[in-house]
């Protein structure tokens with residue numbers, strides 16, 4: 001059973017916008033005494049946004065791991081799990097294999113995707129200078145990050161369910177390319 | 001084949017579901033058998049980057065151990081969930097038990113896809129139990 | 001020769017305007033943006049009413065010095081491209097601009113709010129690239 005790509009990417013975008021706005025604006029009018037509860041600090045807002053999106057992805061990633069590994073034989077080594085992540089899992093979720101994988105053979109992997117699906121349609125307003133230059137400034141990178149927390153969670157959840165407990169971080173400086181860093185908690 | 005008990009154990013060896021028609025003392029005995037089966041599962045599951053024999057990396061673990069009048073079969077998934085099947089018959093083909101496990105895996109995936117199910121918790125979905133019952137009655 | 005392009009929303013707001021070649025500059029671009037959409041709606045309506053064979057949709061009009069090609073999506077977005085009078089039917093191009101470029105880089109852009117002016121760099125870039133590669137561009 002497959003899902004329309006448009007629906008998936010539109011839903012994901014709205015989900016991110018929803019979480020961001022729910023964190024920065026209170027849903028109910030707060031009383032005067034309760035004002036301290038309202039999260040005002042942008043740093044905290046960012047952390048909570050990241051946590052909410054990442055955790056949602058984590059839950060789903062765990063369940064997807066079961067679903068997508070059902071009909072295959074069991075993984076022999078960690079390498080097999082990573083290969084599954086970069087080929088089968090990536091293709092099922094993002095429509096293609098990863099473009100580059102680097103490892104230090106001690107529990108750290110760097111995964112690069114030159115055309116990451118959630119970022120394909122993302123574009124900032126033209127600043128009037130160079131039409132061909134798509135580099136991002138600091139502010140823009142922060143905004144793009146929001147759309148990458150959920151995929152991070154997906155990867156973290158899938159790896160966790162398959163037996164690799166890892167931290168997953170992501171960085172993007174030129175859409176739609178981005179780089180995921182997976183660091184196994186067992187490594188030094 | 002006559003199915004006495006179906007057990008689903010999570011990655012941390014926590015029981016997610018033990019389904020059997022027995023109760024009381026007999027149920028306790030059967031649960032004990034399921035937990036014993038886990039030890040045999042561990043033996044059969046090679047550690048990561050261990051043996052390279054292809055037969056050891058199938059999900060289906062086969063007959064774990066026979067007791068006087070029961071036969072216990074095992075199956076392990078890629079996500080380290082273990083399924084234990086306790087049977088009464090002595091005349092059962094591997095093909096049938098394997099088929100049962102594969103179908104169990106299917107309905108298990110449906111059960112965990114429930115958005116109200118938190119990964120790692122006990123499975124209490126009535127839908128799953130009824131799917132399991134109909135699977136048992138078909139086998 | 002392609003002169004310029006307008007994109008209008010359902011409520012007659014001009015979302016996008018781009019000029020490739022326009023020797024005779026507009027007296028007031030705002031006037032054009034405000035009124036072209038209204039004119040096109042009136043033409044569409046009238047044209048289908050007097051059609052000798054139904055159904056009928058407005059596609060283009062020609063004057064002595066330019067031809068305006070029109071495209072309307074099912075969701076109410078309207079596009080007008082002005083070219084020289086010898087240019088043929090541009091339906092395929094307009095469908096591509098709407099279906100591929102507009103849908104992907106504007107509607108599916110998470111940073112775009114519906115009803116806003118279109119400023120997305122990717123859309124501007126890809127549209128410019130596509131138009132400049134058309135055989136009748138120059």
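The values are calculated or read from the model by the stated rules, or taken from the named source; none is laboratory data. Just so we're clear, the structure is a prediction, and the values are computed from it rather than from any experiment. Virtual Cβ from ideal backbone geometry, glycine too; neighbours counted across all protein chains shown.
Taking residue A:95 and the conditions (1) in contact with a strand residue (DSSP E or B) (Cβ under 9 Å, 6 or more places away or on another chain); (2) touching a residue at least 12 places away in the same chain (Cβ under 8 Å), which numbered condition does it fall short on, given that it satisfies the others?
(1)
Considering only helices (runs of 4 or more DSSP H) fully contained in region A:80-187, which possess at least 3 residues that are buried (at least 16 other Cβ atoms within 10 Å of the Cβ) and within 14 Å of chain C (Cβ to nearest Cβ)?
Here the list reads A:138-146, A:149-162.
Kindly indicate which of C:64, C:28, C:48 is farther than 23 Å from residue C:127 by Cβ, modelled with pLDDT under 90 and surrounded by fewer than 15 Cβ atoms within 10 Å (Cβ to Cβ).
After ruling out the rest, the residue left standing is C:48.
Where residues in region B:110-124 are out of contact with any strand residue (DSSP E or B) (no Cβ under 9 Å at 6 or more places or on another chain) and surrounded by fewer than 17 Cβ atoms within 10 Å (Cβ to Cβ), which of them is nearest to residue B:76 (Cα to Cα)?
Looking at the filtered set, the residue picked out is B:110.
Could you run through region A:171-181 and say how many residues are touching a helix residue (DSSP H, G or I) at 6+ places or on another chain (Cβ under 9 Å) and modelled with pLDDT under 95?
7
Here's the yes/no breakdown for (1) within 12 Å of chain A (Cβ to nearest Cβ); (2) on the phi < 0 side of the Ramachandran plot; (3) under 15 Å from the mean Cα position of the chain (by Cα):
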site: B:5; (1), (2), (3): no, yes, yes
site: B:23; (1), (2), (3): no, yes, no
site: B:26; (1), (2), (3): no, yes, no
site: B:29; (1), (2), (3): no, yes, no
site: B:61; (1), (2), (3): yes, yes, yes
site: B:67; (1), (2), (3): no, yes, no
site: B:73; (1), (2), (3): no, yes, yes
site: B:78; (1), (2), (3): yes, yes, yes
site: B:89; (1), (2), (3): no, yes, no
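I want to confirm something. Restricting to region C:90-116 and keeping residues that are facing another protein chain (nearest Cβ under 9 Å) and not in a helix (DSSP H, G or I), which single residue is nearest to residue A:16 (Cα to Cα)?
C:110
Looking at the structure I just gave you, is residue C:122 buried (at least 20 other Cβ atoms within 10 Å of the Cβ) and either without any contact (Cβ under 8 Å) to a residue 12 or more places away in the chain or within 14 Å of chain A (Cβ to nearest Cβ) (or both)?
Judged against the criteria, residue C:122 is a match.
Hey, could you check region B:61-97 for residues that are surrounded by fewer than 16 Cβ atoms within 10 Å (Cβ to Cβ) and touching a strand residue (DSSP E or B) at 6+ places or on another chain (Cβ under 8 Å) and say which is nearest to residue B:35 (Cα to Cα)?
Checked region B:61-97; the qualifying residue nearest to residue B:35 (Cα to Cα) is B:65.
Can you tell me how many residues in region A:7-45 are more than 14 Å from chain C (Cβ to nearest Cβ) and modelled with pLDDT of 60 or more?
13
May I ask you to list the residues in region C:16-29 that are part of a strand (DSSP E or B) and under 18 Å from residue C:96 (Cβ atoms)?
The answer is C:16, C:18.
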